[in-house]
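Q: If you scroll down you'll find the structure; I have some questions about it.
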Amino acid sequence: MNQIHIAVILGSLRRGSFNRQLANAIAMLAPAEFSFKQVEIGDLPLYNQDHDANPSAAVIRLKSEIAAAHGLLFVTAEYNRSIPGVLKNAIDHASRPYGESAWEGKPAGVIGVSVGATGTCMAQQHLRNILAYLDVAVLGQPEAFIKAKDGLFDPDGGIGAGSKVFMQTWMDSYAKWVKHHAVST
Ligand SMILES: Cc1cc2nc3c(=O)[nH]c(=O)nc-3n(C[C@H](O)[C@H](O)[C@H](O)COP(=O)(O)O)c2cc1C
């Protein structure tokens, strides 16, 4: 496999999102054959099972982008000790109709940054629970619970010096995981 395409699912719609910055910054640490594309989830309707047979254009687009990706990267905020509703809405959309989930078998990484000391730990644990049910192969280690702080990002939008070694280790593990599963599925 030459190129590896990663669908990035961002658990924040905020313009100045730390998680968007984190997604962009860790992509810079990936091997050259990896490309990352953020999946739009902000224009999805609220999930309604009545519409399974007649999905909106935004839902069709979401599912086709997930299906076409070799791997997934979830970068999420934590809202009230869980994942933001917009992210759960997107996950539900791409999981249906029953038996036609776009998520099944995809290798994935889960990471997130928050202003709280626990660094999205609870959101990530809830997300892992959901993804396990959907048969997504989530990287177990290393975990990365990141607290937003001065210097986390450098002036060019990369990971700042103080976190670079750790984040490179995370990305190396993620890239290895995706390559292994993308080849074997
Ligand atoms: C509705 C809401 C709930 C939040 N709950 C948590 C929380 O449970 N834990 C936490 O660490 N931060 C929480 N925060 C603060 C977020 O960490 C902070 O807003 C962060 O910037 C969100 O990520 P983003 O910058 O990518 O949007 C919450 C923020 C909002 C708006």
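Q: Which strands (runs of 3 or more DSSP E) does the range 52-147 wholly contain that include 1 or more residues that are surrounded by fewer than 17 Cβ atoms within 10 Å (Cβ to Cβ) and within 15 Å of the ligand (Cβ to nearest atom)?
A: Qualifying strands (runs of 3 or more DSSP E): 145-147.
Q: Go through the range 133-162 and report how many residues are in contact with an Asp or Glu (Cβ under 6 Å, 6 or more places away or on another chain) and over 26 Å from ALA102 (Cβ atoms).
A: 1
Q: Please indicate, with yes or no, whether at least one residue in the range 62-85 is out of contact with any His (no Cβ under 7 Å at 6 or more places or on another chain) and at positive phi.
A: There is at least one residue in the range 62-85 that is out of contact with any His (no Cβ under 7 Å at 6 or more places or on another chain) and at positive phi.
Q: Is there any pair linking a residue in the range 21-39 that is at positive phi to one that is part of a strand (DSSP E or B) and of a type outside the set (Val, Ile, Thr), with Cβ under 6 Å and at least six apart or on different chains, and which?
A: Taking only residues 6 or more apart or on different chains, not a single pair turns up.
Q: Answer yes if at least one residue in the range 2-10 is in a loop (DSSP other than H, G, I, E, B), within 16 Å of the ligand (Cβ to nearest atom) and in contact (Cβ under 8 Å) with a residue 24 or more places away in the chain, and no otherwise.
A: No: the range 2-10 contains no residue that is in a loop (DSSP other than H, G, I, E, B), within 16 Å of the ligand (Cβ to nearest atom) and in contact (Cβ under 8 Å) with a residue 24 or more places away in the chain.
Q: Which pairs have Cβ atoms under 7 Å, sit 6 or more apart or on different chains, and link a residue in the range 140-154 that is in contact (Cβ under 8 Å) with a residue 12 or more places away in the chain and closer than 14 Å to PHE74 by Cβ to one that is aliphatic (A, V, I, L, M) and assigned to a strand (DSSP E or B)?
A: ALA144/ILE111; ILE146/VAL113
Since every read-out is calculated from the coordinates, none of them should be taken as a lab result. Everything numeric here is computed off the predicted structure, so don't read it as measured data. Cβ coordinates were reconstructed from backbone atoms using ideal geometry, including for glycine residues, and neighbour counts include every protein chain displayed.
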